Amino acid sequence: MAKVPLPKEKWSGAITSTAMGDGGVRLGGAKGMPFLSFEDPDLPLPLLAGEVVDDLEDFPSIVLDFFGEDAEDPASWAQRWRGMGADLVCLRLLSTDPDRRDSSPEEAAAVAKSVADATGMPLIVYGCGLPEKDAAVMEAVSGALAGHRSILAYVEEDSYKKISSAAMANKHAVLAFSNLDINLAKQMNILLSDFGVQREDIVMDPLMAPLGMGLEYSYSVNERITLAALNGDRMLQVPMVCDASQAWQVRDCAEDEEGMGDPVERSAWWEFGTALAALLSGADMLIVRGPYAMQLIRGAIEDLGGGA
Amino acid sequence: MPTAIEYFKFLPKTNCGECGHPTCLAFAMQLANQKASLDECPYVDEEAKRTLQESNAPPVKGVTVGAGDGSLRMGEETVLYRHERRFVNPTAYAVAIPDILPEAELRELARSYLDMSFERVGMVFDLDMFAVFNASGDAERLRAAAESLVGMCSKPLMLIGAGAEDLRPAAEAIRESRPLLYAADEDNVSPMAALAAELGLPLALRDGTLDGMAGLVEAARKEGAEDLVLDLGSDSMKHILESNTVARKVSLRRSFKGLGYPLMNLVGSGEEGMMMAMLSTMKYGSLVVFDSLEPQQALPLMTLRQNIYTDPQVPIQVKEDLYPVNGPGEDSPLLFTTNFSLTYFTVRADIEKSRIPVWLQVVDTEGLSVLTAYAANKFGHEHVAAALEASSALERTSGPVVTPGMVAKMSGKLEEALGRKVLVGPMESGSLPKFLKNLGV
């Protein structure tokens, strides 16, 4: 009988692997294209971060209905995620926005600490998106989470020094954001390395455009980044984080509209589709908003990872 | 593709000129450039033709299923990653229709699937095929069901039955509609392939192992069946990913001949079915067959297919028009942006988030983003004014016109051209909700 040859690649590079939290969780470490066990027999499984916000204004009701009262308290919300198999907590300190509650860096840091203490899980922490406020908030968060290695998000080309310094001060990792372009992603990692951030402490976010809103661009940028990293480009060999929760920005995700079926299930598939595209193109970690999507994605990773 | 020298080897080298080219070498070079056909030379023997045609075969054979309006093309893929060129023929989605249903119910079920259609960014998404399943075990019922479906729509059919004799009456009856026969396996490959060859129909082969499949392909071709679709099994996502990847990769790299055909997956239904369908869509599946599919599943799935099969070299463009967002009225602000889809989607999503009613004018910039279009002189005040004129936007609202912050420079000239107050919006679309709230309209 004809014997089909296994088209195994000889990759010259691998993604860095780094311990998070108290060391029990490892991020990165892929040695081949996603989930191909013939390229890497003991492939590491991507990590899942469950999203928690500290200000519920404008947050989708489908998610809030599921978490109920626990959504009022970030620590309780994070514990629910732990029960559902999340590896990390993605904490967004939206309340620090001057247009929201304008909470202080100290208040925000206390929230981050409460989440870490309650769950023992590593965190990826975002501020409100205003560079100056975020820098102050991340400085406080870095100290509050000292000894509990987390990811501070995020730094960009024109504002990275303060948050990178805050991360380095307490051995946290930093999330390098770039806008849908392999060269910008690499440039960002070089910038951070030159600034003194160790490669093991860089995690990148090349911007995962959600399903129906440019997903194809991200799918290809991610694939190109992953291929370049495996082919030996050291400055792209850092773990990739993709934010699947952006699926909820798309109108068709959760809108209740005639002919489009049940919005609760549809929103789960919208986020799942975004997540699966991210996983197949090289994501080492995902940020997930929906509880039903979390179960689906967890199931897919277990199946693809060979556990099923 | 053979080179000119490879072609030259098989030519008579007499430079007789009967092919219309001055020399054999000149002819060979035209052949290599695909500007001439081997048939033009009367002296090339059949053996040579076959050898050359085989090395000329596309790495993944193109197969047509169905006929006329609804016919589908599968295969013909040339790359492993879409950024290398593009994925060519989008994954087709089929749903199963069991032949045990009474005629009226069968038509009703088919009708409900035909009605499941969505419009997104100016494109219509719907199901592509019906898979008529011989649940009754009665070949005549399969035929009746197939004829009934062919009578009500132009969607191609797949006929699912246990063996050639179960499929024959239906296949003969709707032969003109070019159904896909499913499936030949190691037990029935000879009669199934013979039936497909006799009727000239495409045939699906089913084997869960790559080696077994390679053997089936050989056996089917021996019977004369050439239009093949391969079902490598759908036991798990892992199996689909690895089997489809290996089959596609060895075919594209030409390290193994015999698996260069469109791939298909039967995914069942429910959560597992959807997960496998999304995977197959991204990883080389040409056809996905469901037991059933709900609208809340179909819309995200078909959106994924549209995304993945977009040509990376052609930016998706949104039609130049005036788009109402959040139900605007006659004093709502009038924003404008480019027709590059990513820009449009982002701006639109940010406006939606603000919940403030806005008129959004899309200006045709040939798919360029704001700054690029401005630099390329495709997004100047005159282009904006012309677009607003064409859509009668200024008659729809007396509200202020808002330029993207990136092109603040044009605001003065635009104000002159329009005779309407022009405000400068934020640099980043993400700041639009705040900007719009502060407008206080």
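Of all residues in segment B:188-215, those that are within 14 Å of chain A (Cβ to nearest Cβ) and in a helix (DSSP H, G or I) total 7. Note on segment B:401-415: among residues that are under 13 Å from B:Q361 (Cβ atoms) and not hydroxyl-bearing (S, T, Y), the one that is farthest from the chain's Cα centre (by Cα) is B:L414.
Residues checked against (1) part of a helix (DSSP H, G or I); (2) surrounded by fewer than 19 Cβ atoms within 10 Å (Cβ to Cβ):
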site	(1), (2)
B:L52	yes, yes
B:S55	yes, yes
B:V60	no, no
B:E77	no, no
B:P90	no, yes
B:A96	no, no
B:E105	yes, yes
B:R111	yes, yes
B:V132	no, no
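Of all the numbered requirements in (1) part of a helix (DSSP H, G or I); (2) surrounded by 15 or more Cβ atoms within 10 Å (Cβ to Cβ); (3) touching a residue at least 24 places away in the same chain (Cβ under 8 Å); (4) not charged (D, E, K, R), B:F27 misses one, and that requirement is (3). Being away from chain B (no Cβ under 14 Å), surrounded by fewer than 18 Cβ atoms within 10 Å (Cβ to Cβ) and of a type in the set (S, T, Y) is a description that applies to A:S12. The set of residues from segment B:313-322 being under 20 Å from B:L418 (Cα atoms) and either of a type in the set (A, V, I, L, M) or at the interface with chain A (Cβ under 10 Å from one of its Cβ atoms) (or both) comprises just one member, B:L322. On the given criteria, is B:T310 at pLDDT below 95, within 10 Å of chain A (Cβ to nearest Cβ), within 19 Å of A:M213 (Cβ to Cβ) and in contact with a Ser or Thr (Cβ under 7 Å, 6 or more places away or on another chain)? Criteria not met by B:T310.
Conditions (1) over 15 Å from A:W269 (Cα atoms); (2) surrounded by fewer than 18 Cβ atoms within 10 Å (Cβ to Cβ); (3) in contact with a Cys (Cβ under 8 Å, 6 or more places away or on another chain), marked per residue:
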| residue | (1), (2), (3) |
| --- | --- |
| B:L259 | yes, no, no |
| B:G270 | no, yes, no |
| B:L279 | no, no, no |
| B:A298 | no, no, no |
| B:T303 | no, no, no |
| B:P312 | yes, yes, no |
| B:D321 | yes, yes, no |
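Of all residues in segment B:316-336, one or more are closer than 30 Å to B:V60 by Cβ, of a type in the set (A, V, I, L, M) and under 21 Å from the mean Cα position of the chain (by Cα). Restricting to segment B:249-301, name every residue that is in a helix (DSSP H, G or I) and either more than 13 Å from chain A (Cβ to nearest Cβ) or hydroxyl-bearing (S, T, Y) (or both). B:S251, B:S280, B:T281 - these are the residues of segment B:249-301 that are in a helix (DSSP H, G or I) and either more than 13 Å from chain A (Cβ to nearest Cβ) or hydroxyl-bearing (S, T, Y) (or both). If you filter segment A:33-60 down to residues that are under 22 Å from the mean Cα position of the chain (by Cα) and among the small types (G, A, S), you find that the one that is surrounded by the most Cβ atoms within 10 Å (Cβ to Cβ) is A:G50. Each residue in segment B:216-238 was checked for being within 12 Å of chain A (Cβ to nearest Cβ), in a loop (DSSP other than H, G, I, E, B) and in contact with a strand residue (DSSP E or B) (Cβ under 8 Å, 6 or more places away or on another chain), and 2 pass. Within segment B:48-84, the residues that satisfy the criterion of being acidic (D, E) and either within 14 Å of chain A (Cβ to nearest Cβ) or under 14 Å from the mean Cα position of the chain (by Cα) (or both) are B:E76, B:E77, B:E84.
For segment A:109-143, filtering for residues that are crowded, with 19+ Cβ neighbours inside 10 Å, of a type outside the set (S, T, N, Q) and within 25 Å of A:G85 (Cα to Cα) leaves 14. Can we say B:L167 is of a type outside the set (D, E, K, R), under 23 Å from the mean Cα position of the chain (by Cα) and at pLDDT 95 or above? Considered against the rule, which asks whether it is of a type outside the set (D, E, K, R), under 23 Å from the mean Cα position of the chain (by Cα) and at pLDDT 95 or above, B:L167 comes out as no.
The one condition from (1) among the hydrophobic types (A, V, I, L, M, F, W, C); (2) touching a Gly at 6+ places or on another chain (Cβ under 9 Å); (3) farther than 30 Å from B:E352 by Cβ that A:L211 does not meet is (3).
The values are calculated or read from the model by the stated rules, or taken from the named source; none is laboratory data. Note that the coordinates shown come from a computational prediction; the quantities given were computed from them, not determined experimentally. So basically every Cβ, Gly included, is an ideal-geometry build from the backbone, and we count neighbours across all protein chains shown.
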